[in-house]
Amino acid sequence: MSTAGFETLCLPADAALFARLARLLIDRHGDALADCDLLLPVMAHAPVLRGALLAEAGHALFMPRMLTPALLAARWQGDAPVDPHPRRLLHLVAQLRQQTWLGDVDPWSAAQELLELADALAALPAPPDENALQQGFERAHGLADSAALSLEARLVHAVWHSDCTGTPGHARAVTQALMRAAGAARRPLIHLSARVEPAPAWLELHAARVPVLNVLATRALTDTPVARVLHAAWPPVSPPVLTHAPSRDDALELAGRVRLVGAQSLEQEAQCAASCIAGWLSEGRRNIALVALDREAARRTRALLERRQVLLADETGWKLSTTRAAATVDALLQCFASDGYHRDLLDLLHSPHVAGSLDRDDHAQAIAAIDDWVVRRNHVDGLHALLTDAGREFAGCPAGRLIDALSRAFALMPTHNAPASFRVERLLAALDALGARAALAQDAAGAQVVNLLEQLRADSSGVALDLSFADWRKWLNSEFEQALFRDSAIDSPVVLTPLAATRLRRFDAVYVIGADSRHLAPVRLRGVLGHEGLRRELGLPDSQVAAGQLRDDLAGLIACSDQTVFSWQTQRNGEANLPGVDLQRLDLVLQRAGLPSAICSAPSLADPPPLPELVVSSAPVLDPARVPSRLTASGLADLMACPYRYYARHVLGLGAGDEVEDAMGKGSVGELVHRVLHDFHVAHPRLADAAPPALADALRAQIAAAFDGAIARNFQEHAWADRLHDRADAYIAWAVQRESDGWLFDSGEARRAHVLELPDGAALSLEGRIDRIDRNAEGDVALLDYKLRSAERVRKTLQADDVQLAFYTVLEGGAVSEAAYLALEEDVPVAFIQDDPPAAAQALLSLVSELFPALRNGASLPAHGDEAACLHCDMRGLCRKDWLA
C-alpha cells in the first residue's frame, strides 16, 4: 500500500477476527502502522484491537489513529452549518400545511417519513432526477402514468433536493464531512466494516489520494463446527434456504454453547436471566452482555440484579420520555391541557421537582392539604377555581406557596397558537416559576431534559409556523421519544446493549432477553409514501436486507461468545408466544442432526417464604374502654347487619376514603335533593300562600341553581336536573295535599342528640340528623326521611329489620305520631309510613340497652352478615369470613 489504490479483503467474522487483523496490519505496515488511520465500526472495538496488536508484535508499539466514521466526520465538520432535525420537521410541516396534496394524511407523519427517506438517500452517490424517482415509484407500485405516484416522486425529490442544495441535515452533513476528509487525506486508511456492502463514495475518494484497505468481516468464510451449524440454519444468502443437516458432532458443539429457554411469565424470564448472569459472575466471567430485545423484561432483570448488588453498564440507554424528569414536564403540560383535572394536578404536585423552595416535610404537607381540598370540594377540574379558591384558603402556609408557584407557571403558558420556539421558551419559564429547572439540573436525567428543551428552543427559532397546543405537544413528545438517556457513570463487567452493538465483539457470555417472534424480527417499515418495493427501487435497504443482517448478528454473537442464552415468554395475553423465526430454524437444524430440541423451560419461580402464623379472628372482643360512647343510625344499622362491619368502621375507624367524582353518583345527587327540598320549604313554609304553578317554578329554580356548578363541570349532569324538573309538579301536588291534610312544615336537616343511661351505669349518646319534621294543629309530630330510591326498594327497606325511623323517633322524643320514608325516584312521591313509631322506638331503646352493656362484658362482634349485607361491604376480605367460614 505504498501508492494510492483501493483493496478489499474479507476476513472471517469469528472470535479470532482481531488477531487475524492485527497480524495482517503488522505484516503490511510494521513500525509504520502509527502513520495509518484505522476506521472501526464502533470505538468498543479499539481496546480489543490494541491488545491484539500488542500480542502480535510482542513488544511496545506505536498505535495507528483509531476512529469511527462518525468521529472522523465530526473532525471535518467544523463550523459548517447543519439544519437540525426539529427545524427541518417544522419547516416541512409548514410547507405541507399550505398544500392539499396529502388530503387527510397527518402532515407530521408524512413530514417525518419524507425526512427519513431524504436522510437514507443522503448516502447514495448522486441524487436521481424527478423522472427517475417517478419511474421507481411506478415500478414499485406496479402502476404507470399515476398522478398520485408522480406527486409522491415530486415530494421526495423536493425534500432531497432541498437537503442537497440548502443547509444540509445531519445525515448529509456527515456525508459531506467525510467527503472533505477524503479530499484532504494524507495517511493510508484501513477501514473495517461489520457488514458486507458496497464501499461508500467517500471511501472510494480516499483511494484516489492514499492507499485504502477495506476489510470486510464476513461469516461466510468461517469454517468451525459452530459456524457450520449456523451456516446450515442461517445460510449467508438471502432468502435463506435450509441446506443439508450438519454432522452430529458439530451440532453437539453448538448445543453445548447455546440454550433456548421459554418462560411462562415476565417475572420468570427476568428471574432466570438474573440468576444466569449472577451464576456467570460467580464462575469468574467478566465480560458479559445482556442484550435487551424486550425492554420491559430487561428493566425487571436490571432491578433484580441490582438487588444482588450487580450494576449494569448501560450502552442501550432508555427513552428520555420514560424518565421521571420527563414525566414532570409531561405532568405540567397535561395539567395545563386538562384545565387542572384533579388526577393530572396531583400527579404534578407529587413530582419531587416541583417542590420549589419547600423542604421535604413542607412539600408533603402541601400535597396532603391540596389533596384534601380537592376531595372536599370535589374539584374535578378548573384551574381558575384551584388557583383562586385554594390559593385564598391556603394563604400563608406551604400549600399556598405551592399554589402560588402553580399560578405563576400556568400564567406563562400561551393559550393561543404560537411558534414552537416561543412555546418552549415559555415552558422553561414555567419550570423556573415552579423551581423545577434548578431541581432537574441536580439529576442526571433532569439535566438532559433541560438541555434538550434549551436545544429545541434554539433549533426551532426562526420557523414561522404557529402551532396549537396539541400540535406543539405532539412535536415535543416526538423529540422526547427520539432522545435517549444513558448513565455513563457505571463501570461494570455486565453491559446492557442492543443486538446491533454486539457486532464483532467478543463476550464470555451473552443473555438475549425477549427473543420471541415479535422482538427478534427485522423492522418492517410501513409509511404513507412507500413500501418495501419502493425502498428497493431507490437502492435503500429493505426488510429483506434487515433480515439478513439480523441473521448475521445472531450468528456473530454465538460465534464470538462462549455461552449464549436466548429466552422469551411462551405466553402473552393468554395466547401462545413463539420464539423468533431464526431460533426456530436453529432448533430444527439441531433436531435434523439427531439432537433433541434445544428449547427448555425456565426454572420455576421459588416459593415465597412462609408468612408468620397469624392469630386471626372474625369475632373480635372489645376492651371495655374501647366500646363507643356515641351511636348513629347508620352505626346501629351496621351493628345489626354485621357486628364485624360495625367493629371495623366505628371502632377501628376504617373505611374507603372519599374520592373525587367525575360524574355525580346517586349519593351526591341525593345530598343535593335534600338541600333543595330543605331550602324550598324554608322559603315557602306555608304552601297555601302561593299557587301550585308558582311553587313548581320556584322549586325548578332551586333545582337549576343547585345543579349549575355540577353542569358547568359535566354537561351530562343535565340528565339529573331534567329528571327532577319533570317531577316538580308532582312533588308540589303531593306537598300541597299533605298540607291540606293538616301537616305543616316545621323544620329540616335538624340535628338531634339523646343521652341514654344504660343498665351498667354508662351513658350512650344517640346522634343524628332528621331530614324533615312536620307538625299539625294538635301538636303531633311527623318525621320524614327522603329516599332517592324507587318505591319498591323503599318498601323492602321498611319490611326488613330497619332501625332508622325508630332511631329518629327516639332522637325527637315527644309526641311523634308518624314516621315515614318518602320515595322520590318515582313520577309521584310515595310515602311509606311506619306502624306505631313510639312502640318501635321503645323496642330500639331496649335493644341498645342490652347490646352495649353486653359488648363491655365481652360479647364478640362476629362477621355473620348475610349475602345481601356482604355484597357491597367495604370490609369484605378484612373479616376473612369467606375463608374462615
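The values are calculated or read from the model by the stated rules, or taken from the named source; none is laboratory data. All figures in this text were calculated on a predicted structure; none of them were measured in a lab. Glycine also receives a Cβ, built like all others from the backbone with ideal geometry; neighbour counts cover every protein chain displayed. Just the protein is used for accessible areas: all its heavy atoms, side chains included, with ligands, DNA and RNA removed. Shrake-Rupley method; radii C 1.70, N 1.55, O 1.52, S 1.80 Å.
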Item checked: Relative contact order computed over the range 268-427 (Cα-Cα under 8 Å; 6+ residues apart), in percent -> 15 percent
Next item on the list: Using only alpha carbon pairs under 8 Å that are at least six residues apart, calculate the relative contact order of the chain and give it in whole percent.
Entry: 13 percent
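Estimate the FRET efficiency between residue 6 and residue 441 by the formula 1/(1 + (r/R0)^6), using the beta-carbon distance for r and 51 Å for R0, to the nearest 0.05.
The computed FRET efficiency comes out at 0.55.
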Notebook entry, point to check: Expressed as an acute angle from 0 to 90° and rounded to the nearest 10, what is the orientation of the C-alpha long axis of helix 444-459 relative to the principal long axis of the chain?
Noted result: 80 degrees
Check: Where the accessible area of the chain is counted over protein heavy atoms with a 1.4 Å probe, how much of it, in %, is carbon and sulfur?
Finding: 52 percent
Notebook entry, point to check: Once the Cβ-Cβ distance between residue 106 and residue 361 is put in as r, and R0 is 41 Å, what FRET efficiency do you end up with, to the nearest 0.05?
Noted result: 0.30
Note to self: Please list, in order, the residues from the range 703-718 whose amide nitrogen is less than 16 Å from a point placed 7 Å along the Cα→Cβ vector of residue 389.
What the structure shows: 705-715
Check: So what is the accessible area of the chain per residue, in Å², with the probe set to 1.4 Å?
Finding: 47 Å²
Check: According to the square roots a ≥ b ≥ c of the eigenvalues of the Cα gyration tensor, what is the shape class of the range 825-868, taking rounded for a/c under 1.5, prolate for a/b larger than b/c otherwise, and oblate for the remainder?
Finding: oblate
Note to self: Kirkwood Rh over alpha-carbon pairs of the range 590-733, then Stokes-Einstein at 20 °C and 1.002 mPa s: what D in µm² s⁻¹, rounded to an integer?
What the structure shows: 99 µm²/s
Next item on the list: Provide the gained length on full extension for the span residue 350 to residue 468, in nm with one decimal, where the gain is 0.36 nm per separating residue minus the Cα-Cα distance.
Entry: 39.7 nm
Notebook entry, point to check: So, in nm, how far is label residue 28 from label residue 697 when the simple model puts each one 7 Å beyond its Cα toward the Cβ?
Noted result: 10.2 nm
Check: What is the gain in length, in nm to one decimal, between residue 801 and residue 322 on full extension, counting 0.36 nm per residue of separation less the C-alpha to C-alpha distance?
Finding: 166.9 nm
Item checked: Where only alpha carbons of the chain are counted, the Rg and the Dmax (Å) -> 38.8, 127
Check: Under Stokes-Einstein, with the Kirkwood radius over Cα pairs standing in for Rh, what whole-number D in µm²/s applies to the range 1-79 at 25 °C and 0.890 mPa s?
Finding: 179 µm²/s
Check: Among the GluC sites (Glu not before Pro) within the range 637-730, which fall in a DSSP loop and have no more than 13 other Cβ atoms within 10 Å of their own Cβ?
Finding: 659
Next item on the list: Compute the convex hull volume of the Cα atoms of the range 739-885, divide it by the residue count, and report the result per residue in Å³ as a whole number.
Entry: 138 Å³
Note to self: I need two numbers for the range 320-485: Rg to one decimal and Dmax as a whole number, Cα atoms only, in Å.
What the structure shows: 15.6, 47
Note to self: Along the charge dipole of the range 543-685, pointing to its positive end and built from +1/-1 on Cβ of Lys, Arg, Asp and Glu, which listed residue (604, 648, 579) has its Cα farthest out?
What the structure shows: 648
Check: Could you give the length gained on full extension between residue 432 and residue 487, defined as 0.36 nm per residue of separation minus the Cα-Cα distance, in nm?
Finding: 17.3 nm
Next item on the list: From the C-alpha gyration tensor of the range 441-518, pull out the three semi-axes of the equivalent ellipsoid (sqrt of 5λ each), sorted largest to smallest, in whole Å.
Entry: 36, 18, 11
Notebook entry, point to check: Out of the range 627-729, which trypsin sites (Lys or Arg not before Pro) are coil in DSSP terms and have no more than 11 other C-beta atoms within 10 Å?
Noted result: 686
Check: What is the Cα centroid distance between the range 683-697 and the range 395-445, reported in whole angstrom?
Finding: 54 Å
Check: With every protein chain in place, what's the accessible area of residue 680 (1.4 Å probe, Å², nearest 10)?
Finding: 0 Å²
Next item on the list: Keeping all protein chains in position, work out how much accessible area residue 568 exposes to a 1.4 Å probe, and write it in Å² to the nearest 10.
Entry: 10 Å²
Notebook entry, point to check: If you take the beta carbon distance between residue 50 and residue 257 as r and set R0 to 22 Å, what does 1/(1 + (r/R0)^6) give as a FRET efficiency, to the nearest 0.05?
Noted result: 0.20
Next item on the list: Normalising by the residue count of the range 598-735, find the relative contact order in percent from Cα pairs under 8 Å and 6+ residues apart.
Entry: 18 percent
Note to self: Quick check: pseudo-label points 7 Å beyond the Cα along Cα→Cβ at residue 763 and residue 827, how many nm apart are they?
What the structure shows: 5.3 nm
Notebook entry, point to check: Taking the Cα centre of the chain as the origin, how large is its charge dipole in debye, to the nearest 20, when only Lys and Arg (+1) and Asp and Glu (-1) carry charge on their Cβ atoms?
Noted result: 3700 debye
Check: Roughly what would the spin-label model give for residue 629 and residue 607, points 7 Å off Cα along C-beta, in nm?
Finding: 5.1 nm
